[in-house]
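Student: Supplied in structure tokens, the structure appears directly below.
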Amino acid sequence: MENKNAHSKPESELEEKDNSRRNFLKQSAFITAVALTPAPAVKAAAMHLDEKIAEAFEKVPVKLEVNGVMHNLSVEPRATLLDILREQIDLTGTKKGCDHGQCGACTVHVDGHRVNSCLTLGVMASGKKITTIEGLAKGEELHPMQEAFLKHDGFQCGYCTPGQIMSAVACIREGHANSETEIREYMSGNICRCGAYPNIVNAIQEVKSGGQIV
Amino acid sequence: MSTINKSMTDNKKQPSSSDGPSRVDGRLKVTGAAKYSAEFAVKGLVYGVLVGSTITKGKIKSIDIKKAEHAPGVLAVITHFNSPKVPGYQVATDPGKPAVKGPVKVFNDDQILYNGQPVALVIADTFERALFAASLVNAQYIAEKHITNLKDNLGKAVATHDDTEYKRGIVDAYKSAPIIVEQEYMLPSEVHNPMELHALIARWDAADKITVWDKTQGVKDTQSNIAKLFHIPVENVQVHSKFVGGAFGSALQVWPHEVAAIIGAKVVKRPVKLVLGRADMFTSVGYRPLTWQKIGIGATAEGRLVGITHHAVGQTSTYEDFAEGPTDISRSLYACPNVNSSNKILGLDVGSPTWMRGPGDATGAFALESALDELSYKLNIDPIELRLKNYAETDPESGKPFSGKNLKDAYKLGAEGIGWKNRKQEAGSVTRDGWLLGYGMSGGVFGADREPATVKATMLADGTLVLQTAVSDIGPGTGTAMVAIASETMGIPAHQIRFDLGDSLYPNAPQQGGSTITSSVGSAVYMACRDLKEKFQQLIGNGGEDKPNYAKILKQHNLTQLQVVTDSKAGAEVDKYAMYSWSVHFVSVLVNPATGVVKLNKVVCVADSGRIISPKTARSQVIGGAVMGIGMALMEEAIFDDRYGRLINNNLADYHVPVSADIPQIEAIFVNKPDININPIGAKGMGEIALIGMAAAVANAVYNATGKRIRNLPITPDKLVDWTALT
Ligand code: FES
Ligand code: FES
């Protein structure tokens, strides 16, 4: 499915953003001039306004297939996959816990592998298939790992949970869930400050031993 | 006082992770549909990023914001030079008196009180642009000499306000006892570090009207605080906080970043989202204060306590006199005729500390329960036996009877669970596969308070019961427990009940802190349901059945709904009884003699906290507290570089919290006897006792394994390795 919108946010919001941009351009007459002649650009650079020039060139097109839906986006190269998911596509199930690859809250699958989306730039994921927590269930039917987390209470506040579940699914797929010790080791990139670890391990063991396809 | 009868109470079987009903909001959490405060797609949203001070103490000389202002997408750069003044900050100062202490007044003046204090807020149309522009803000300071070291400045500590000194019997009576332990303990500063970063979205709806989606443990308190700060009517402040990604005490007050975002939204006339970075989580939303303690404890040769002396000095900031009560635990945990204590604070050039899970008692329990363990070895008496010899049958502090206490059962259940009989009294005497094996135990206690709470209960035409109250749920599963109470009281299945929380529109409920919610809101839910049932009974005349068909009755009487609003609060029982919850933690550890690595072998935690309402979530809460206690024991420590007054490990890679590989299966055991004197549901708090005492249990097990007594946490390998053996 092709999503024609640059964002999945409501139209009204898009308009508002565009409006503010237009207003801004109107106020900054010199920006339009930059496009025509290099002379003001030189002047702008001298005024430490080179950032404004860069603005015209700074967005790049990115194609992200998220949970089976294609998103054609225009993003800044510095935008992380995590922030694009949360702020541009409004998929807030993927969490930000540190933004530095230290907590695992932002774990998603990129082409089937678990990655920290805060350490992945959006442009790096272009053309790839991304699965987030929102894409794990089949409609109303929960993924076995989601069911197991519910049953074994593999969480309290629930904030680390999407990352834990995405990691847990990958942990089994990778073949790293053959013992309790192995599960603990391969789940240690996902911090749970509520301390649900024993329950998480129980949930993963149940799915693993149940032999369901994950 | 009537109580609920429930077979669960008599059930001796302890719950496993899969037992009992799952969380009512669990599905939202496992599908990513639960919305936390920064996750609402508010129309016209823009992004705020804070700039923190790079000095620790002094004044702001100038702030160059030109570059940032001209960066793409930037809407505003706010500093104290251009910020609108927060009306609530403008209190008249009496020149003759010392300045009134209080929270940092963000963007109000040029004072720098701690490293990382917000000096500017950059607002832009995207997060990336705000973040980049924030890096372009250039502040110049006039730095002054700062002090961030507690240990070197203990002599400068001062007594806090009231209740800091305590005396029962003879002062320092322990000194006259035949067997004495006298030791000092250091507890480093620990950081709550909930996984969800503190965040809010602030939107002004009119000049005197505001809506915030905020991470808070108390929507009503946040509401009234914002109203006070901005001089607007309370009802004009809406606070939404439906899901909170952990907090553990860090979201019990309105912090400067919340005020900053509200100021920012006013300036740009757009809703502003502000999410703290993880580094800010270490300095700007509190932490457990670094605390020095000294304990003197003395006993007769038979093991009867003669006296306890307990002194503490805790770190605070220069601008707020925050004090935990670490010495309180020594007054009430054991029957001891002579107890004296003092609780002092030392103001340092740091951000203010705050309440963190098990405040005071977690700190104090580490010292007291370590000292008691040390005493047991000197006496050559089993640590459990020593505790039983000094068991308090009535509250040693007030002399009142306890509302309910089954701590002896807890000792027994825990000892059986861990296999205490396998413990050897001689430290360092057992090895297994080259590792040293040891057992340890420790107790915890926390006051069982009940706060006023109001619940609105509405039976809808389709038979759905809707319960509403303004409590937050930071994770323990409040909604799940409340639905369980309502289901039982009304005689309807849980799936027909909706529990609405986390919104300031709902009737009053206390902050989720101090382990009060099940007792306070649970009692209110019970009473509201009882009132509603009574209303139905009046409708149908007396003699109604126990499980009426509410939908049918409404239809018969041509009603679309039936509603009650019930207030509930503690009564005369507070004067009659001393009220506490207790915990006992048992651990066995393996210590590698070559590397000093400590591995948890087995953990058993017992809670004596009245009736267990929701076994599944209660179990998770106990396990969660144990995990945090293991962190406290073995790894957590916020480390300052005193030269710069700055933390050197303000991130989750360097500040270690337990991960899955550190944590074995943990057995949670409930005494599960209703406390019939405390409230109509017989349940008491559990959040704090789950943590309190855990660190000492680990330290005591490490001693039993190695013969090394570590009194300055955390117990990192370097403190256990025998360096002389290596040279
Ligand atoms: S947010 Fe990505 S690892 Fe923490
Ligand atoms: S459930 Fe709260 S951090 Fe894991």
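Student: Do any residues of the stretch B:83-132 show a loss of at least 20 square angstrom of accessible area between the isolated chain and the full protein assembly, using a 1.4 Å probe, and if so which?
Tutor: B:D125, B:F127, B:E128, B:R129, B:F132
Student: If I compute solvent accessible area with a 1.4 Å probe over the protein chains, what percent of it on the stretch B:379-457 is carbon and sulfur?
Tutor: On the way: 1550 of 3370 Å².
Carbon plus sulfur share of accessible area: 46 percent.
Student: Need one word for chain B: rounded, prolate or oblate. Basis is the Cα gyration tensor (sqrt eigenvalues a ≥ b ≥ c); a/c below 1.5 gives rounded, then a/b vs b/c decides.
Tutor: Note, shape of chain B comes out oblate.
Student: May I ask you to compute the full-extension gain from B:A301 to B:N558, defined as 0.36 nm times their residue separation minus their alpha-carbon distance, rounded to one decimal in nm? Write down the numbers at each step before the final one.
Tutor: Working: separation 257, 0.36 × 257 = 92.52 nm, distance 7.67 nm.
Gain on stretching B:A301 to B:N558: 84.9 nm.
Student: Sticking with this structure for a sec: Please turn the phi angles of the stretch B:427-443 into ³J(HN,Hα) values with the Karplus equation 6.51 cos²θ - 1.76 cosθ + 1.60 (θ = phi - 60°), one per residue in order, whole Hz, x for glycine and proline.
Tutor: 5, x, 9, 10, 10, 9, 6, x, 9, 7, 10, x, 10, x, 9, 6, x
Student: For a quick check: with amide H placed at 1.01 Å from N, whose amide H comes under 5 Å from B:V597's, ignoring anything fewer than 5 positions away on the same chain?
Tutor: Residues meeting the criterion, in which the H sits 1.01 Å from N, are B:N592.
Student: Additional query: Given a 1.4 angstrom probe, what's the average accessible area per residue across the stretch A:48-135, in square angstrom?
Tutor: Accessible area per residue: 37 Å².
Student: Want the number for B:K85 to B:I170: 0.36 nm per residue separation, take away the alpha-carbon distance, what's left?
Tutor: Difference between extended and current length: 25.2 nm.
Student: Ok, one more. Residues of the stretch A:186-210 that become at least 20 Å² less accessible with every protein chain present than in their own chain isolated, using 1.4 Å: which are they?
Tutor: A:S188, A:I191, A:R193, A:C194, A:G195, A:Y197, A:P198, A:N199, A:N202
Student: Got a sec to turn the phi values of the stretch B:234-240 into Karplus ³J(HN,Hα) couplings, 6.51 cos²θ - 1.76 cosθ + 1.60 with θ = phi - 60°, whole Hz, x for Gly and Pro?
Tutor: 3, 5, 8, 10, 9, 10, 10
Student: Sorted by accessible area with a 1.4 angstrom probe, largest first, how do B:W204, B:W355, B:W582 fall?
Tutor: The ranking, largest first, comes out as B:W355, B:W204, B:W582.
Student: Then there's this: Contour minus end-to-end for B:D109 and B:N549, with contour as 0.36 nm per residue of separation and end-to-end as the Cα-Cα distance?
Tutor: My answer for the length gained is 152.1 nm.
Student: Let me know the volume per residue of the alpha-carbon convex hull for the stretch A:136-214, in Å³.
Tutor: Details: hull volume 6.4 nm³, N = 79.
Here the figure is 81 Å³ per residue.
Student: Here's another thing I want to ask about it. Identify the trypsin sites (Lys or Arg not before Pro) of the stretch B:135-214 meeting these criteria: DSSP loop state and at most 13 other C-beta atoms within 10 Å of the C-beta.
Tutor: Hits after loop and neighbour filter: B:K145.
Student: Once you charge only the Cβ atoms, +1 for Lys and Arg and -1 for Asp and Glu, what is the size of the charge dipole of the stretch A:48-135 about its Cα centre, to the nearest 20 debye?
Tutor: About 320 debye.
Student: Related question: Leaving out ligands, DNA and RNA, and with a 1.4 Å probe, what % of the accessible surface on the stretch A:48-135 is carbon or sulfur? Walk me through the numbers on the way to the answer.
Tutor: Details: 1830 of 3250 Å².
Whole-percent figure for carbon plus sulfur exposure: 56.
Student: Under the rule of at least 5 residues apart or a separate chain, name every residue whose amide H is placed under 5 Å from the amide H of B:K400.
Tutor: Close amide H contacts, sequence-distant or interchain: B:D395.
Student: Give me the percent of DSSP beta bridges within the stretch B:217-349 that run antiparallel, rounded to the nearest 5.
Tutor: Values: 9 of 20 bridges.
Beta bridges within the stretch B:217-349, antiparallel portion: roughly 45 percent.
Student: If you don't mind, another one. Which pairs in the list B:K101/B:K228; B:K389/B:K412; B:K220/B:K344 are over 21 Å apart, alpha-carbon to alpha-carbon?
Tutor: B:K220/B:K344
Student: Would you compute, for the Cα atoms of the stretch A:48-135, the largest minus smallest coordinate along each principal axis and list the three values in descending order, in whole Å?
Tutor: Between the extreme Cα coordinates on each principal axis of the stretch A:48-135 lie 42, 28, 20 Å.
Student: Continuing with this model, one more query. Where does each of B:K59, B:K215, B:K421 land when they are ordered by accessible area, with a 1.4 Å probe and the largest first?
Tutor: B:K421, B:K59, B:K215
Student: Then there is this: Could you tally the net charge around B:G463, taking each other residue with its Cβ under 13 Å from the Cβ of B:G463, Lys/Arg +1 and Asp/Glu -1?
Tutor: Numbers: positive: B:R498, B:K547, B:K552, B:K555; negative: B:D462.
Overall, the nearby charge balance is +3.
Student: Mind checking the stretch B:68-126 for trypsin sites (Lys or Arg not before Pro) that DSSP puts in a loop (not H, G, I, E or B) and that have at most 16 other Cβ atoms within 10 Å?
Tutor: Filter output for the stretch B:68-126: B:K85, B:K101.
Student: Tell me which of A:V115, A:L91, A:L64 sits at the most positive position along the dipole axis of the stretch A:48-135, charges placed on C-beta atoms (Lys, Arg +1; Asp, Glu -1).
Tutor: It is A:V115.
Student: If you don't mind, there's one more thing I want to ask. Give a residue-ordered list of calculated ³J(HN,Hα) values for the stretch B:98-113 (Karplus: 6.51 cos²θ - 1.76 cosθ + 1.60, θ = phi - 60°; whole Hz; x for Gly, Pro).
Tutor: Once θ is set to phi - 60°, the couplings for the stretch B:98-113 become x, 4, 5, 7, x, x, 4, 8, 5, 6, 9, 8, 9, 6, 10, 10 Hz.
Student: Now, a different point. Report, to the nearest whole %, how much of the accessible area of the stretch B:259-368 belongs to carbon and sulfur atoms, 1.4 Å probe, protein only.
Tutor: Result for the stretch B:259-368: 55 percent of the exposed heavy-atom area is carbon or sulfur.
Student: So what is the diffusion coefficient of the protein assembly as shown in µm² per second by Stokes-Einstein at 10 °C and 1.306 mPa s, using a Kirkwood Rh over Cα pairs?
Tutor: Calculated translational D: 54 µm²/s.
Student: Pick out the long, greasy-scoring helices in chain B: whole DSSP H runs spanning 20 Å or more along their own axis by Cα, mean Kyte-Doolittle at least -1.0. All intermediate terms of the calculation are to be shown ahead of the outcome.
Tutor: Numbers: long enough: B:361-379 (25 Å, 0.17); B:517-540 (34 Å, 0.20); B:615-634 (28 Å, 0.69).
Long hydrophobic helices here: B:361-379, B:517-540, B:615-634.
Student: 222 nm [θ] for chain B, helices only, -39500 (n - 2.57) per DSSP H run of 4+, per residue, to 500?
Tutor: -7000 deg cm²/dmol
Student: Projecting each Cα onto the charge dipole of the stretch B:397-501 (Lys/Arg +1, Asp/Glu -1 at the beta carbon, about the Cα centre), which of B:S403, B:T469, B:A453 comes out farthest on the positive side?
Tutor: My answer, from the dipole projection, is B:S403.
Student: For q = 0.14, 0.30, 0.33 Å⁻¹, what log10 I(q)/I(0) does the stretch B:30-75 give under the Debye formula with an equal point scatterer on each alpha carbon and no solvent?
Tutor: -0.65, -1.21, -1.28
Student: With charges only on Cβ, +1 for K and R and -1 for D and E, what is the dipole size of the protein assembly as shown about its Cα centre, in debye, rounded to 20?
Tutor: That gives a dipole near 400 debye.
Student: Would you mind working out the accessible area per residue for chain B, using a 1.4 Å probe, and quoting it in Å²?
Tutor: Averaged over the residues of chain B, the accessible area is 36 Å².
Student: Looking at the square roots a ≥ b ≥ c of the eigenvalues of the Cα gyration tensor of the stretch B:450-569, which shape do they give, rounded for a/c under 1.5, prolate if a/b is larger than b/c, or oblate?
Tutor: prolate
Student: Now for a different question. Leaving ligands and nucleic acids out of the surface, order B:E385, A:E206 by accessible area at 1.4 Å, largest first.
Tutor: Correct descending sequence by accessible area is B:E385, A:E206.
Student: Need one number: % antiparallel among DSSP beta bridges in the stretch B:450-569, to the nearest 5.
Tutor: Bridges in the stretch B:450-569 that DSSP calls antiparallel: roughly 75 percent.
Student: Answer rounded, prolate or oblate for the stretch B:595-727, using the Cα gyration tensor with square roots of eigenvalues a ≥ b ≥ c: rounded when a/c is under 1.5, else prolate when a/b is larger than b/c, else oblate.
Tutor: Prolate, since a/c reaches 1.5 and a/b exceeds b/c.
Student: Name the residues of the stretch A:144-165 whose accessible area, probed at 1.4 Å, falls by at least 40 Å² once all protein chains are in place instead of their chain on its own?
Tutor: By number: A:L150, A:K151, A:D153, A:F155, A:Q156, A:C157, A:Y159.
Student: A further question on this structure: Under 10 Å from the Cβ of B:S515, count the other residues' Cβ atoms, weight Lys and Arg +1, Asp and Glu -1, and hand me the total.
Tutor: Local net charge: 0.
Student: To continue, here is another question. Using a 1.4 Å probe and counting only protein heavy atoms, how much accessible surface gets buried when A and B come together, both sides summed, in Å² to the nearest 100?
Tutor: Chains A and B together bury approximately 5700 Å².
The values are calculated or read from the model by the stated rules, or taken from the named source; none is laboratory data. Since this is a predicted model, take the numbers as computed values, not measurements. Neighbour counts run over all protein chains shown; Cβ positions are idealised from the backbone, glycine included. Only protein heavy atoms, including side chains, enter the accessible area calculation; ligands, DNA and RNA are left aside. Shrake-Rupley method; radii C 1.70, N 1.55, O 1.52, S 1.80 Å.
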